[in-house]
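Asker: Below is the structure I would like to discuss, written out as structure tokens.
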Amino acid sequence: MPMEQSEQERLHELARFLKSRRARLSPEQAGLPHTSRRRTPGLRRSEVAQLAWISVDWYTRLEQGRDIQVSAQVLDNIAIALQLNATERRHLYVLALQQLPADYTQSVGTISPLLQRFLDQQGTSPALVTDQQLNIVAWNKASNLIYGDYEGMSLRDRNALWRTFTSPYIKQLLQEKWEMHARHRLAQFRANYGKFTGDPEWIALIDELSDVSEAFRTWWQEHDVIVGPEGKKINYHPTAGRLEFDQLSFLVSDAPDLTIVINMPSNEETFTSVQALLAQG
């Protein structure tokens, strides 16, 4: 889709979203006096503008899909006026500003028992869950035995980007594939960072990595972005030897901030080696 057409569709989607939220809210629900002379249900544009402390003309332009500048404060006023829930407010921000609210926080360190059971049932396929900052928030036994003792790591060391650029074990595990893996990880992180630009927690991680890793500092300036798994993955485990995996990743439907990553043995030799590791561990 051409860029202009895509941009126009975003604005039209914003307009449709605002109209639908306005239509579902009665004057009584909004704390306004009821009037009988209404031809359509819901609030009028003038009433939304009044509740949001903005001009009717400005709100009308926004709801008509006009390409106008809008501030976070105005969006918050509209979200309050339309009584949007947290998910709807985030959707409003993405449609209007193409970014998440500054106070948006992602899931931290908590997953459902069902998701953990899914990871555990992957057996010889190392499986883990990352959040958008590439923090590893859950894993199975195979991951623990191959990639490191996650239970014993600090929160910072459980960040996949940090560990990629600072851990000698990871460099040994990847050997000649380390640079390719590191660039891929960095590009994933950069793509996610676009949703959290300026967030202090993300800035702190970027600054720390820039201080300790020349490679990170150099490659960060290249602005590469990528979404998706690595595909073929080769590891050199200190006891199991060469391991080959095919990587698959997907979002968790009821927790879209989380990504499941599964590394499936590519051949019988890898399957047998991981199976032996599991038996020993």
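The values are calculated or read from the model by the stated rules, or taken from the named source; none is laboratory data. The shown structure was predicted, so the numbers you read here are calculated from the model rather than taken from an experiment. Don't worry about glycine lacking a Cβ; one is built from the backbone with ideal geometry, like all the others, and counts go over all protein chains shown. Remember, those area values only see protein heavy atoms, side chains included, never the ligands or the DNA or RNA. Shrake-Rupley method; radii C 1.70, N 1.55, O 1.52, S 1.80 Å.
Asker: Select from the range 55-80 the residues that are part of a loop (DSSP other than H, G, I, E, B) and open to solvent by 30 Å² or more (accessible area, probe 1.4 Å) and list them in ascending order.
Answerer: Across the range 55-80, the qualifying residues are Ser55, Gln64, Arg66, Asp67, Ile68, Gln69, Ser71.
Asker: So, one more: So which pairs qualify, if the first residue must be in the range 236-256 and crowded, with 16+ Cβ neighbours inside 10 Å, the second must be among the acidic types (Asp, Glu), the Cβ gap must be under 7 Å, and the two must be at least 6 apart or on different chains?
Answerer: From residues that are crowded, with 16+ Cβ neighbours inside 10 Å, the pairs are Gln247/Glu230.
Asker: Within the range 128-142, track down each residue that is touching a helix residue (DSSP H, G or I) at 6+ places or on another chain (Cβ under 7 Å), in a strand (DSSP E or B) and open to solvent by 20 Å² or more (accessible area, probe 1.4 Å).
Answerer: Trp139
Asker: Please enumerate the residues belonging to the range 262-275 that are surrounded by fewer than 20 Cβ atoms within 10 Å (Cβ to Cβ) and under 24 Å from the mean Cα position of the chain (by Cα).
Answerer: Met264 - this is the single residue of the range 262-275 that is surrounded by fewer than 20 Cβ atoms within 10 Å (Cβ to Cβ) and under 24 Å from the mean Cα position of the chain (by Cα).
Asker: Which residues, counting only those in the range 191-203, are part of a helix (DSSP H, G or I) and either open to solvent by less than 40 Å² (accessible area, probe 1.4 Å) or in contact with a strand residue (DSSP E or B) (Cβ under 7 Å, 6 or more places away or on another chain) (or both)?
Answerer: Scanning the range 191-203 gives Ala191, Asn192, Tyr193, Trp202.
Asker: Here's another thing I want to ask about it. Residues being of a type outside the set (A, V, I, L, M), open to solvent by less than 60 Å² (accessible area, probe 1.4 Å) and in contact (Cβ under 8 Å) with a residue 12 or more places away in the chain: count how many of those fall in the range 16-45.
Answerer: Residues in the range 16-45 being of a type outside the set (A, V, I, L, M), open to solvent by less than 60 Å² (accessible area, probe 1.4 Å) and in contact (Cβ under 8 Å) with a residue 12 or more places away in the chain: 6 in total.
Asker: Where residues in the range 204-235 are open to solvent by 40 Å² or more (accessible area, probe 1.4 Å) and under 16 Å from the mean Cα position of the chain (by Cα), which of them is nearest to Ser266 (Cα to Cα)?
Answerer: For the range 204-235, the residue satisfying everything is Pro229.
Asker: Further question: Consider Lys177 carefully, then state whether it is in contact (Cβ under 8 Å) with a residue 24 or more places away in the chain, open to solvent by 30 Å² or more (accessible area, probe 1.4 Å), under 30 Å from Phe271 (Cα atoms) and not hydrophobic (A, V, I, L, M, F, W, C).
Answerer: Spelling it out, Lys177 is indeed in contact (Cβ under 8 Å) with a residue 24 or more places away in the chain, open to solvent by 30 Å² or more (accessible area, probe 1.4 Å), under 30 Å from Phe271 (Cα atoms) and not hydrophobic (A, V, I, L, M, F, W, C).
Asker: Looking only at the range 262-275, decide whether some residue is part of a strand (DSSP E or B), modelled with pLDDT under 95 and out of contact with any helix residue (DSSP H, G or I) (no Cβ under 6 Å at 6 or more places or on another chain).
Answerer: No, the range 262-275 contains no residue that is part of a strand (DSSP E or B), modelled with pLDDT under 95 and out of contact with any helix residue (DSSP H, G or I) (no Cβ under 6 Å at 6 or more places or on another chain).
Asker: Right, something else. Could you please let me know if Gly148 is on the phi > 0 side of the Ramachandran plot, of a type in the set (Gly, Ala, Ser) and open to solvent by less than 50 Å² (accessible area, probe 1.4 Å)?
Answerer: Against the criterion (on the phi > 0 side of the Ramachandran plot, of a type in the set (Gly, Ala, Ser) and open to solvent by less than 50 Å² (accessible area, probe 1.4 Å)), Gly148 qualifies.
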